[in-house]
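**Student:** Structure below; questions to follow.
The values are calculated or read from the model by the stated rules, or taken from the named source; none is laboratory data. Remember, predicted model here, so these are calculated numbers, not experimental data. Here the Cβ positions follow ideal geometry from the backbone for every residue, glycine too, while neighbour counts run over all protein chains shown.
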Amino acid sequence: MGTTYTQRFQTLPEPDRRLLVVMSAVAFVALALGILGGLVSALARGGLLDIIPLTGYRFLTVHGVSIFFYWLFVAQAALLLGFSAIEEGRGLVRRRLAWTGFALMLAGFGFSMAGAHMGTPLLYDGAPDLAMQAPGALLVFNLGYLSLGLGLIVLPVSAIVTLLEPRWQGRQERLTAVGFALFAWAGFLMVTGFAALYTFLPGTLWALGLGPLPANHGTNWHIVFHNMHYLPLMATVILWYVLVRALTGVKSVFGDRFSKIVFSMYLVFVPPTSLYHMFLEPDLPGVVRVTGSLLSLFVSVPTLTAFLIIIASLEVYARSRGGRGLFGWMRALPWQHPAMSSMAVAVLSMALGIVFAFVLIQEQLAPLLSDTFFVPGYFHFFTLGTVSLTLLAAFSVMLPALGGRPLWRPGLMRWMPWLAFAGLVIFGAAGVAAGYLGVPRRVFDIAYQGQAPALWQGLMAAVAIGGTVMAVALAAFGAGIGASLLRARRPTGEAADFAVAWGDRAPAPGMRAWAGPVSVAAIVGAMYVFTAIGFEMMQMLPVSAIGGAGHH
Amino acid sequence: MATKPHITTRRGFIAALGFGAVSLYGLWAAYGAAPLPFARRGSAGHDAHAGSHGSHGSHGGASHGPTPEEFNRMTADFIERYRLPDGTVHPRVLAASSPGGHGHDAMDHGAMDHGTMDHGAMDHGAMDHGAMDHGSMDHGAMDHGTMDHGAMDHGTMDHGADHPHDDAPLDVYLAAGMWYYLPARLRLDAGQAYRFRMMALDVSHGASIQFGKGGRMIRLRPGRVSEMDITFHKPGRYLVYCTIYCGAAHDYMQATVEVV
């Protein structure tokens, strides 16, 4: 087995490499469609593209479904299989299961895209009551999600068996930290698959005439949605962990066991915190709202802890090699590799995303912010800035090593994440400000016959400009990395030429690592500021309101 | 040269720091948004958004109530009663329709048990709330959860004198459908408390009242009555829009609240 990740990918059996390349290609197609849908939505929203709202909703549906379900999950599945295959270096076990799972996901993609173009646009949550006049459209749409769910249940089995087989055969005493993380990741993908079935099966049965119209689709959706957008964060920190090792050779200075505990914390802290998406539901009792807020305070624990492990380990190694300054040691990181830029942007985006997520988890702020543009304003920091750029960073390591072309123009590519981040900051800042001011999400014409404040349109124009910049940068970055899907004309050299090898020497004892703690302090401080802004704005509203509960 | 690990590279320190965001609880408590003995409860905005409905502690429960069709009819009655010549609906205290009319001024919404109250069998047709003595009625124990407004006939019901201008909220009905609100134009009095009773009639909708710098929203689900006590403090014209995507003309679903 090779010693570097690149060498290990290069020595995978050809059938494994073929599967990974095909899966990656489908993931990139989903990304491209999603970016197109998002770009059109942003331009229309900002008044820079004149389309009727119905067309806008169709593009928004394509955007949400392609990115959120198929890009994020096909990409995760491909990377899970890839990194599991090289964990011991012998390739995938039960490859047919992996192909079967992928085929189901691909079929799902086809159904979902067809469904997105039928009947009333259903956005990505597919509310059955919107399909009362056209249940056939819901059927096709939901078959996509059901097929994706089945694929997410089947495919990770191959990764799990691949990871555990060395133990079963006595070649390995225990899973490595990375192996354990991949194992947990596979499990979470399967749970997501079951959640998708649970959420979308009732609507499918209704569309087939085999069951009643699901009354609680909204609640089920919020639960599955919460897990589907937080669990990719676990994949993200696992990939940071892996990529840091690939690019610098650095391993955690806290030991494998501590990392395993932190990865396990996602299982404990993420699922119970889904209540904050439901704070505006009329049936949610007051005590559940308060409890939901309190539980949600813990949602960041695993992500922040994993971030601290990684950054402290890097800092200790960097300082051992002469790195200086609170953040100055970062200059020694391998910035020439686009994956490094991607990870840096991902970390910054995660910090901003967590700050704003913690404003939303306070139930008393839900009536101010919950269904406003604050939501897309903040979650693009996660979906695009954090998760998508991390997935692309991983692809930038995996694809060239699978026998494709070397990374296209890495000197140019490494700036694309920063350009995307610039667009994201404009989009996010304008979106969050718009949310505080009450601009609704999921509306294309926000004029409201002249009744809306003029400032709203200005903020949406800024959203459109930021969205365009980040869409163009992400598309360019994806295309550059996707070019490595093509076969190399000549054998590729070591793809990680830009990597540094800090891991060949143990760090000096007693090295300090303040960058992580200072960053966390800044994140928490920002949470205080933006939460206080929310409370102050609530207090300034010229209205008193009590209640919000409902009854049948 | 140090041989011990620096505190910043110790597991305990890192693990503790991972919980850093939990400290936000302190800020919540300071704004009265978290359950602490010293917290200034209810100081977040003007709200006490606790899911329970002020004194209507049981409103959070889901139970029987009007169907969308019945709620639509109740709303139509409400509009008919309070409509002004320009079409705006202005719920207000009307002149008593009969001598000796009693109000709800002493009405305690905390004690009345709607749980056993079957409005279905009630004939409100000739009911004159103006002459009805609600003075001793205690709504505190009122269980709206099992209240059956189903066959309630509000057709000729006199709401006029049932809510004198005092602390008792005036009822406001708001129905949301694809793609309209009923009533679409409301006129309300600043300083007067209103009890909004809202329902989505077909698919899920929402209602957000916009004040220029922020708003206040609620989700509305089909077949569920959502209640909220609202008092406007400042005159103005406020936009109300739907917050939940509800189909092709979602963008155009709006209403206006004019506070005078």
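**Student:** Which of the residues that make up region B:244-258 are more than 7 Å from chain A (Cβ to nearest Cβ), among the aliphatic types (A, V, I, L, M) and either surrounded by fewer than 20 Cβ atoms within 10 Å (Cβ to Cβ) or under 20 Å from residue A:53 (Cα atoms) (or both)?
**Tutor:** Of everything in region B:244-258, those that are more than 7 Å from chain A (Cβ to nearest Cβ), among the aliphatic types (A, V, I, L, M) and either surrounded by fewer than 20 Cβ atoms within 10 Å (Cβ to Cβ) or under 20 Å from residue A:53 (Cα atoms) (or both) turn out to be B:249, B:253, B:255.
**Student:** Would you mind stating whether residue B:221 is facing chain A (nearest Cβ under 7 Å) and either over 22 Å from residue A:214 (Cα atoms) or basic (Lys, Arg) (or both)? Talk me through it step by step, then tell me what you get.
**Tutor:** Working: facing chain A (nearest Cβ under 7 Å): yes; either over 22 Å from residue A:214 (Cα atoms) or basic (Lys, Arg) (or both): yes.
Judged against the criteria, residue B:221 is a match.
**Student:** Turning to a different aspect of this structure: Looking for whichever is part of a loop (DSSP other than H, G, I, E, B) and touching a residue at least 40 places away in the same chain (Cβ under 8 Å) here; the options are A:418, A:408. Which one fits?
**Tutor:** Values: A:418 fails: part of a loop (DSSP other than H, G, I, E, B).
Unique residue meeting the criteria: A:408.
**Student:** Where residues in region A:1-31 are free of Cβ contacts under 8 Å to residues at least 24 places away in the same chain and among the charged types (D, E, K, R), which of them is surrounded by the most Cβ atoms within 10 Å (Cβ to Cβ)?
**Tutor:** Result: A:18.
**Student:** On the basis of being assigned to a helix (DSSP H, G or I), at pLDDT 95 or above, out of contact with any Ser or Thr (no Cβ under 8 Å at 6 or more places or on another chain) and of a type outside the set (A, V, I, L, M, F, W, C), does residue A:435 make the cut? Explain how you work it out, then say what you get.
**Tutor:** Numbers: assigned to a helix (DSSP H, G or I): yes; at pLDDT 95 or above: yes; out of contact with any Ser or Thr (no Cβ under 8 Å at 6 or more places or on another chain): no; of a type outside the set (A, V, I, L, M, F, W, C): yes.
Judged against the criteria, residue A:435 is not a match.
**Student:** A further question on this structure: I'm trying to understand the selection: among the residues of region A:91-121, which are of a type in the set (A, V, I, L, M, F, W, C), within 10 Å of residue A:141 (Cα to Cα) and either out of contact with any Lys or Arg (no Cβ under 8 Å at 6 or more places or on another chain) or surrounded by fewer than 21 Cβ atoms within 10 Å (Cβ to Cβ) (or both)?
**Tutor:** To start, the set of residues in region A:91-121 that are of a type in the set (A, V, I, L, M, F, W, C) comprises A:92-93, A:97-99, A:102-107, A:109, A:111, A:113-114, A:116, A:118.
Subset that is within 10 Å of residue A:141 (Cα to Cα): A:109, A:111, A:113-114, A:116, A:118.
Answer for region A:91-121, where residues must be of a type in the set (A, V, I, L, M, F, W, C), within 10 Å of residue A:141 (Cα to Cα) and either out of contact with any Lys or Arg (no Cβ under 8 Å at 6 or more places or on another chain) or surrounded by fewer than 21 Cβ atoms within 10 Å (Cβ to Cβ) (or both): A:109, A:111, A:113, A:114, A:118.
**Student:** Kindly establish whether residue A:427 is closer than 30 Å to residue A:122 by Cβ and touching a residue at least 12 places away in the same chain (Cβ under 8 Å).
**Tutor:** On the way: closer than 30 Å to residue A:122 by Cβ: yes; touching a residue at least 12 places away in the same chain (Cβ under 8 Å): yes.
Judged against the criteria, residue A:427 is a match.
**Student:** Inside region A:444-458, can you point out the residues that are part of a loop (DSSP other than H, G, I, E, B) and either modelled with pLDDT of 95 or more or not β-branched (Val, Ile, Thr) (or both)?
**Tutor:** Passing the criteria: A:444, A:445, A:447, A:448, A:449, A:450, A:451, A:452, A:453.
**Student:** Would you tally the residues in region A:254-277 being at the interface with chain B (Cβ under 10 Å from one of its Cβ atoms), buried (at least 22 other Cβ atoms within 10 Å of the Cβ) and aliphatic (A, V, I, L, M)?
**Tutor:** 1
**Student:** Take the residues of region A:438-477 that are on the phi > 0 side of the Ramachandran plot and in contact (Cβ under 8 Å) with a residue 24 or more places away in the chain: which is surrounded by the fewest Cβ atoms within 10 Å (Cβ to Cβ)?
**Tutor:** Once the filter is applied, the top-ranked residue is A:442.
**Student:** Restricting to region A:109-128, and then to whatever is touching a residue at least 40 places away in the same chain (Cβ under 8 Å) and aliphatic (A, V, I, L, M), can you tell me which residue is farthest from the other protein chains (Cβ to nearest Cβ)?
**Tutor:** A:113
**Student:** Filter region A:501-552 down to the residues that are within 7 Å of chain B (Cβ to nearest Cβ), closer than 26 Å to residue B:3 by Cα and surrounded by fewer than 18 Cβ atoms within 10 Å (Cβ to Cβ) and list them by number.
**Tutor:** Answer for region A:501-552, where residues must be within 7 Å of chain B (Cβ to nearest Cβ), closer than 26 Å to residue B:3 by Cα and surrounded by fewer than 18 Cβ atoms within 10 Å (Cβ to Cβ): A:509, A:510, A:512, A:514.
**Student:** Being under 25 Å from residue B:178 (Cα atoms), surrounded by 22 or more Cβ atoms within 10 Å (Cβ to Cβ) and out of contact with any His (no Cβ under 7 Å at 6 or more places or on another chain) narrows it down to one residue among A:186, A:207; which is it? Spell out the reasoning first.
**Tutor:** Values: A:186 fails: under 25 Å from residue B:178 (Cα atoms).
The match here is A:207.
**Student:** Take region B:194-208 and flag every residue that is buried (at least 19 other Cβ atoms within 10 Å of the Cβ) and either at positive phi or more than 7 Å from chain A (Cβ to nearest Cβ) (or both).
**Tutor:** Within region B:194-208, the first condition is being buried (at least 19 other Cβ atoms within 10 Å of the Cβ), and the residues that meet it are B:194-201, B:203-208.
Of everything in region B:194-208, those that are buried (at least 19 other Cβ atoms within 10 Å of the Cβ) and either at positive phi or more than 7 Å from chain A (Cβ to nearest Cβ) (or both) turn out to be B:194, B:195, B:196, B:197, B:198, B:199, B:200, B:201, B:205, B:207.
**Student:** Might you let me know whether region A:158-169 holds any residue that is part of a loop (DSSP other than H, G, I, E, B) and more than 17 Å from residue A:27 (Cβ to Cβ)?
**Tutor:** Taking region A:158-169 and keeping what is part of a loop (DSSP other than H, G, I, E, B), we get A:169.
Among the residues that remain, those that are also more than 17 Å from residue A:27 (Cβ to Cβ) are: A:169.
There is at least one residue in region A:158-169 that is part of a loop (DSSP other than H, G, I, E, B) and more than 17 Å from residue A:27 (Cβ to Cβ).
Each row is one residue, and each column tells you yes or no for (1) charged (D, E, K, R); (2) at pLDDT 80 or above.
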site: A:259; (1), (2): no, yes
site: A:278; (1), (2): no, no
site: A:283; (1), (2): yes, no
site: A:288; (1), (2): no, no
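**Student:** Do you know which of the residues in region A:147-171 that are within 14 Å of residue A:81 (Cα to Cα) and touching an Asp or Glu at 6+ places or on another chain (Cβ under 8 Å) is surrounded by the fewest Cβ atoms within 10 Å (Cβ to Cβ)?
**Tutor:** A:163
**Student:** Please go through (1) more than 9 Å from chain A (Cβ to nearest Cβ); (2) surrounded by fewer than 22 Cβ atoms within 10 Å (Cβ to Cβ) for residue B:188 and return the number of the only condition it doesn't satisfy.
**Tutor:** It fails just one condition, (2).
**Student:** Would you call residue A:138 part of a helix (DSSP H, G or I) and farther than 22 Å from residue A:26 by Cα? Spell out the reasoning first.
**Tutor:** On the way: part of a helix (DSSP H, G or I): yes; farther than 22 Å from residue A:26 by Cα: yes.
It is true that residue A:138 is part of a helix (DSSP H, G or I) and farther than 22 Å from residue A:26 by Cα.
**Student:** Same structure again: Looking at residue A:92, is it assigned to a loop (DSSP other than H, G, I, E, B), over 26 Å from residue A:380 (Cα atoms) and either in contact with a helix residue (DSSP H, G or I) (Cβ under 7 Å, 6 or more places away or on another chain) or not small (Gly, Ala, Ser) (or both)? Show your work before the answer.
**Tutor:** Details: assigned to a loop (DSSP other than H, G, I, E, B): yes; over 26 Å from residue A:380 (Cα atoms): yes; either in contact with a helix residue (DSSP H, G or I) (Cβ under 7 Å, 6 or more places away or on another chain) or not small (Gly, Ala, Ser) (or both): yes.
Answer is yes for this residue.
**Student:** Moving on. Working carefully through the options B:33, B:44, find the one that is under 21 Å from the mean Cα position of the chain (by Cα), modelled with pLDDT of 65 or more, facing chain A (nearest Cβ under 7 Å) and buried (at least 18 other Cβ atoms within 10 Å of the Cβ).
**Tutor:** On the way: B:44 fails: modelled with pLDDT of 65 or more.
Only one candidate passes the filter, namely B:33.
**Student:** On to the next question. Scanning for something more than 7 Å from chain A (Cβ to nearest Cβ), within 30 Å of residue A:507 (Cα to Cα), assigned to a helix (DSSP H, G or I) and modelled with pLDDT of 95 or more, does region B:66-83 turn up at least one residue? Talk me through it step by step, then tell me what you get.
**Tutor:** As a first pass, look at region B:66-83 and keep what is more than 7 Å from chain A (Cβ to nearest Cβ): B:66-83.
In the following step, the residues that additionally are within 30 Å of residue A:507 (Cα to Cα) were identified as none.
Within region B:66-83 (the criterion being more than 7 Å from chain A (Cβ to nearest Cβ), within 30 Å of residue A:507 (Cα to Cα), assigned to a helix (DSSP H, G or I) and modelled with pLDDT of 95 or more), the answer is no, since none of the residues qualifies.
**Student:** Another question about this same structure. Test of understanding: among A:471, A:488, A:515, which residue is among the hydrophobic types (A, V, I, L, M, F, W, C) and more than 29 Å from the chain's Cα centre (by Cα)?
**Tutor:** Working: A:471 fails: more than 29 Å from the chain's Cα centre (by Cα); A:515 fails: more than 29 Å from the chain's Cα centre (by Cα).
Result of the check over A:471, A:488, A:515: A:488.
**Student:** A follow-up question, please. Mind checking which pairs have a first residue in region A:129-144 that is touching a residue at least 12 places away in the same chain (Cβ under 8 Å) and under 14 Å from residue A:108 (Cα atoms) and a second that is assigned to a helix (DSSP H, G or I) and hydroxyl-bearing (Ser, Thr, Tyr), Cβ under 8 Å, 6 or more apart or different chains?
**Tutor:** As it stands, the answer is A:138/A:204; A:139/A:204; A:141/A:112; A:142/A:204; A:143/A:204; A:144/A:112, since those pairs meet every condition given.
**Student:** Now, a different point. Being surrounded by fewer than 24 Cβ atoms within 10 Å (Cβ to Cβ), in contact with a His (Cβ under 9 Å, 6 or more places away or on another chain) and modelled with pLDDT of 95 or more is the filter here, so list the residues in region B:209-243 that pass it.
**Tutor:** B:231, B:233, listed by residue number.
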